[in-house]
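Please treat every number below as a calculation from the coordinates, not as lab data. Computed from a prediction, not measured in an experiment: that's the story for all the values here. FYI the Cβ positions are ideal-geometry reconstructions off the backbone, even for glycines, and counts take in every protein chain you see.
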Amino acid sequence: MNYLTEITVGHVSEWLTQAVQDVSETMFGQAAHPAAQGDKASSADQLLVACIGIRGDCRLEVAMYFPQALANRLASLSLEMPVVDLDEKMVSDVAGEFSNMVVGAVKSRVSDLEVSCAMTVPRVVRCAQDAPDSAQKVQAALAVIRGSAGPRTDASARASQLAFQVGAGLLRVDLYF
Amino acid sequence: MSKKILTVDDSKMVRMIVTSTFQPYDCVVVGAADGAEGVEVALKERPDVIFLDITMPVLNGIETLAKIRETPEIAEIPVVMLTAESDGQRLGMADQLKVSGYIAKPFKGEQLIELTKGIIPLVLKGAPPSAAPPKPQLPKLPVPNRP
């Protein structure tokens with residue numbers, strides 16, 4: 001029975017949290033625990049940012065920030081290859097698929113409420129933590145996901161920011177809703 | 001004779017996990033990175049089972065499934081949806097196109113094996129012929145009364 005009359009940021013954040021924990025544990029054997037909002041990857045870290053969205057009667061975008069070391073580790077675990085044998089494409093693919101599974105789980109929850117929607121294909125961008133153009137790169141990827149060239153004013157502000165400790169790495173998840 | 005499995009997924013990670021899951025079995029796993037390529041590979045390789053993602057570029061999984069079902073040479077191949085989109089809407093659409101099963105991502109390799117065993121016989125590599133599991137039994141149909 002559809003008992004929700006409105007999908008809120010709170011619902012989506014809760015579904016995202018469950019999905020991150022489930023994907024991390026099932027696919028990578030890594031427990032993921034919610035971390036404090038203030039926790040931050042080292043400013044020297046390279047980041048892989050997986051951007052993905054849901055379109056239709058429910059519209060949202062998600063940007064998942066994987067520090068390079070975490071992305072390498074997840075790729076190594078899932079592909080059963082040592083980190084030295086991985087190339088950039090493989091690591092980006094794993095980050096993209098992680099985001100696809102997480103947002104797929106959220107999309108399933110939304111669809112089960114009889115809201116018509118579809119998922120986009122993920123886009124992964126590389127940037128340096130705290131580099132001046134990092135935010136621009138991420139916003140450009142999100143704009144492609146949204147299917148519009150310019151920034152969407154109502155989505156330009158983050159609706160919610162989550163963080164997870166995944167093994168030794170910190171995964172940040174921004175939700176635009 | 002080796003069984004052939006086709007995995008159609010835009011993620012190399014998923015294709016590699018499917019390949020390594022069936023590695024202990026007498027199977028050949030072939031892959032395709034999108035739906036259009038999946039139809040092409042299915043026509044060329046004639047797999048025994050297809051694992052099909054939904055969210056893919058070029059042709060999505062539902063469009064690919066429809067294409068498979070309308071192509072006589074590959075129309076009868078069992079298809080299992082392996083997808084992050086496991087909601088009723090998507091699965092209902094797939095159901096109309098006669099899918100043999102669904103596995104929701106995230107998934108474990110054992111789920112692939114269990115579901116596949118219900119569709120085709122799987123034999124461990126190097127197992128003697130006598131160790132081969134029996135073929136799946138077709139359900140018995142009622143015998144019609146003859147005049």
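Once each part is reduced to its C-alpha centroid, what is the distance from region A:80-134 to region B:81-129 in angstrom?
Cα centroid to Cα centroid, the span is 23 Å.
Which loop GluC sites (Glu not before Pro) in region A:74-177, with loop taken from DSSP, have no more than 16 other Cβ atoms within 10 angstrom of their Cβ?
A:E80, A:E114
Once you put a point 7 Å from the Cα of A:E114 and another 7 Å from the Cα of A:S160, both along the Cβ direction, what distance in nm separates them?
For A:E114 paired with A:S160, the spin-label model returns 2.4 nm.
Determine the principal axes of the Cα atoms in region B:3-131, then give the extent along each, sorted from largest to smallest and rounded to whole angstroms.
On the principal axes, region B:3-131 reaches 42, 31, 25 Å in Cα extent.
Compute the Kirkwood hydrodynamic radius of the protein assembly as shown, taking the inverse of the mean of 1/r over all pairs of distinct Cα atoms, and give it in Å to one decimal. Don't jump to the answer; show the numbers that get you there.
Values: mean 1/r = 0.0476 Å⁻¹.
That comes to 21.0 Å for the protein assembly as shown.
With n ≥ 4 as the cut-off for DSSP H runs, can you work out [θ] at 222 nm for the protein assembly as shown, using -39500 (n - 2.57) per run divided by the number of residues, rounded to the nearest 500?
Working: 10 runs with 121 residues, N = 324.
-11500 deg cm²/dmol, from helical runs alone.
If you take every residue apart from A:V20 with its C-beta less than 14 Å away from the C-beta of A:V20, what net charge results, scoring Lys and Arg +1 and Asp and Glu -1?
The answer is -2.
Name the aspartates and glutamates eligible as straight-distance cross-link partners of B:K12: C-alpha to C-alpha under 16 Å, and not fewer than 8 places from it in the same chain.
Qualifying aspartates and glutamates at Cα under 16 Å: A:E80, A:D85, A:D87, A:E88, A:D93, A:E97, B:D34, B:E37, B:D53.
How many partner chain Cβ atoms sit within 10 Å of a residue's Cβ in peptide B:112-122, on average, as a whole number?
Shielding by partners across B:112-122 averages 0.
Work through the residues other than B:I103 whose Cβ is under 15 Å from its Cβ and net out their charges, Lys, Arg +1 and Asp, Glu -1.
So the surrounding residues net to -4.
Report for region B:3-131 the percent antiparallel among DSSP-assigned beta bridges with both residues inside it, nearest 5.
So the antiparallel bridges amount to about 5 percent of the total.
Longer than 29 Å from Cα to Cα, which of A:K89/B:K125; A:K89/A:K137; B:K4/B:K98; A:K107/B:K3 are they? Say none if no pair is.
Pairs exceeding 29 Å: A:K89/B:K125; A:K107/B:K3.
Give, as a single signed number, the net charge of other residues whose beta carbon lies under 11 Å from the beta carbon of B:D26, with Lys and Arg counted +1 and Asp and Glu -1. Don't skip to the answer; put the middle values down first.
Working: positive: B:K3, B:K4, B:K125; negative: none.
Within the 11 Å Cβ shell, the charges total +3.
How much length, in nm to one decimal, is gained on full extension between A:A36 and A:D85, taken as 0.36 nm per residue of separation minus their Cα-Cα distance?
The span from A:A36 to A:D85 would gain 14.3 nm if fully extended.
Sorted by average packing, counted as other Cβ atoms within 10 angstrom per residue and highest first, what order do B:103-112, B:68-77, A:63-72 take?
The most tightly packed comes first, giving A:63-72, B:103-112, B:68-77.
Within straight cross-link reach of B:K108, meaning Cα distance under 13 Å, which aspartates and glutamates are found once same-chain residues fewer than 8 apart are removed?
A:D22, A:E25
Just need the relative contact order of region B:3-131 here, percent rounded to a whole number, with Cα pairs under 8 Å and 6+ apart.
Averaging sequence separation for qualifying contacts and normalising by length gives 25 percent for region B:3-131.
Averaged across the residues of B:8-17, what count of C-beta atoms belonging to other chains lies within 10 Å of each residue's C-beta?
If you average over the peptide's residues, the count of other-chain Cβ atoms is 6.
On average, how many beta carbons from a partner chain sit within 10 Å of the beta carbon of a residue in A:91-97?
The per-residue average across the peptide is 4.
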